[in-house]
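Here is the structure we will look at, set down as structure tokens.
The values are calculated or read from the model by the stated rules, or taken from the named source; none is laboratory data. Values in this document were obtained by computation on a predicted structure and should not be read as measured data. No Cβ is skipped: glycine too gets one built from the backbone with ideal geometry, and neighbour counts run over all protein chains shown.
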Amino acid sequence: MSKCIVIATVLCCALVMPGVAQEKIDTVIVELANSSKVVFTMKDRSDLDILKNYDFQSLFRDILAKLETNDSTAVAKEEPVEEQRDEEVTTEEESRWARYGDGDDNDDDDGDDNNDSDDDDVEWTVHSHGGRWGRTWQSFNFDLGTNNYLSDGKFPDADNAAYAVRPWGSWYLAINSIQRTRVARKFFVEWGVGLSWYTFKFQEDNITIQKDNNEVSFSYDAQHDEYIKSKLGASFVNVSLVPVLDFGGRGRKSRLWDGHSNAFRIGAGGYAGYRISSRSKIVYKDGSGREKFKDKDNFYLNNFRYGLRVQLGFRSTDLFFNYDLNELFSEGKGPSLNAFSFGVIL
């Protein structure tokens, strides 16, 4: 807000002080920060009286809000303006803004013909450095997909292992706060923190997980009349770092619903997480009806996870693939399994 007031004051002083201006004032250039400027052009000195009534504070507040949202759409013409180069982006269409008066309608017939052409006589050229390196955008992303794991490079169901899982029903969900930092024109680094949930739904509904002092084991239970489902779940808090090559060069990440980007994106990086909870659940039916048994335990699951992440995107759709480099269970305490997940980024 203070920046707007300062800019407005500089403009007004430059326009109304005859001792400072020359005999005919044509252009006022205001340098902003280190690399931006505002150019004010006046074609007729008779406009000075009109300009005194402008609400420059409101005008600049709207300009800054437009730049902060990286919106390069003109007020009067709804056409997108593409980013031209890293060094400087000049949005000519943004130069024509509707008049900001003192709150009046400005349509009254006051006999001043100049009022009808105010919008044409005042032009603004905004130099935005949104494409420079180091700028960061923040967003909340959701990973929604499915889980499985590999044992020595094979799926466990190839050996009819009791811990083999069903892909449908073994869901992976993550909520992430992602910062997207521009490193070069089309090169970004996405980094952030988040929470993730693994759910492994076993192929056989009567699988029970048993833990003793030495290891965890999986066995078939036959105590109940009917089994509905059995699964193992774990949740982690994670950090991630993924360099991304975005051929569209767009700062803000595209979403399924915005439809802004038509470019291809690819990224590969890593992540690490710490387990904050784990549990097993089996659902069955007996003569008394539907029952469930939950067991909260660590089941010798590794407290830490780390792995590789790949992201692919086109238009407004992004996909992910995660692969844990370390094993799901502590060494020697359970089967040798490396978990992975894949799905869509929302």
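Data table
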read-out: Options 309, 305: the member that is in a strand (DSSP E or B) and under 30 Å from residue 220 (Cβ atoms); value: 305
read-out: Condition check for residue 170: of a type in the set (S, T, N, Q), within 28 Å of residue 190 (Cα to Cα) and surrounded by fewer than 17 Cβ atoms within 10 Å (Cβ to Cβ); value: no
read-out: Qualifying positions in segment 200-246 - outside any strand (DSSP E or B) and surrounded by 14 or more Cβ atoms within 10 Å (Cβ to Cβ); value: 203, 204, 205, 206, 215, 221, 224
read-out: Those residues of segment 247-286 which are among the hydrophobic types (A, V, I, L, M, F, W, C), in a strand (DSSP E or B) and modelled with pLDDT under 95, in sequence order; value: 264
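For (1) part of a loop (DSSP other than H, G, I, E, B); (2) modelled with pLDDT under 75; (3) under 29 Å from residue 247 (Cα atoms), each residue gets a yes or a no:
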residue	(1), (2), (3)
34	yes, yes, yes
40	no, yes, no
48	no, yes, no
53	yes, yes, no
59	no, no, no
63	no, no, yes
75	yes, yes, yes
83	yes, yes, yes
